[in-house]
Amino acid sequence: MAPERPLLKDDADEKLLIEAAQRDPRQFAELYEHNFERVYAFIVRRVGDRFEAQDLTSEVFHQALANLGRFEWRGVPFAAWLYRIASNAIVDRAKRLAREQTGSTPDQPDEFDLEESEQRAQVFRLVRELPPDQRRVVEMRFAEQKSIRQIAQELGRSEGSVKQLQFRGLQGLRDRMGERR
């Protein structure tokens, strides 16, 4: 089973964590761990490419750490600040790609949906809790977008076995999501 993410009981906990990280950048790791999945989910939904989303997520946390001293607590979740950094990084990426391809720049993307990003982050956490074989099949099938045949060949299993692992993994996710609602 995957290690649990740090739980922040309330805004005061988050504020204390931020203040600690501002004094000692090594403390930023806990903020990173607490917010990584939601930021990644937010970005991957908008860029549609897993590798680009990984790069942008890394860039977001690098910028956040570099600018943490400027962050002022205003009672708004730290994730909102990270989403703003992510949104700007996505726009910058889109502008850069547009310039490279056509010389024009795109409009600002739609405002992000915090609830949807939280739900995606929850799904990522639940996938990590699946048994290893099921988790690997679900990741290969949906994150890496591989076919059943490709997964079977890569794992040295029959296609029926891969389908069964996928079915059990998805059923496990449904059950866990139902429990948490």
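The values are calculated or read from the model by the stated rules, or taken from the named source; none is laboratory data. Since the model is a prediction, treat every value here as computed from it, not as a measurement. Using ideal geometry, Cβ is built from the backbone for each residue, glycine included, and neighbour counts are taken over all protein chains shown.
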Flag for Ala121 being modelled with pLDDT of 75 or more, within 17 Å of the chain's Cα centre (by Cα) and outside the structural domain of Asn35 (by TED's automatic domain parsing) = yes
Only one of (1) buried (at least 17 other Cβ atoms within 10 Å of the Cβ); (2) under 22 Å from Arg45 (Cα atoms); (3) without any contact (Cβ under 8 Å) to a residue 40 or more places away in the chain; (4) of a type outside the set (S, T, N, Q) does not apply to Ile151, and that is (2)
Inside the range 154-181, can you point out the residues that are under 24 Å from Asn35 (Cα atoms) and surrounded by fewer than 16 Cβ atoms within 10 Å (Cβ to Cβ)?
-> Arg174, Met177, Gly178, Glu179, Arg180, Arg181
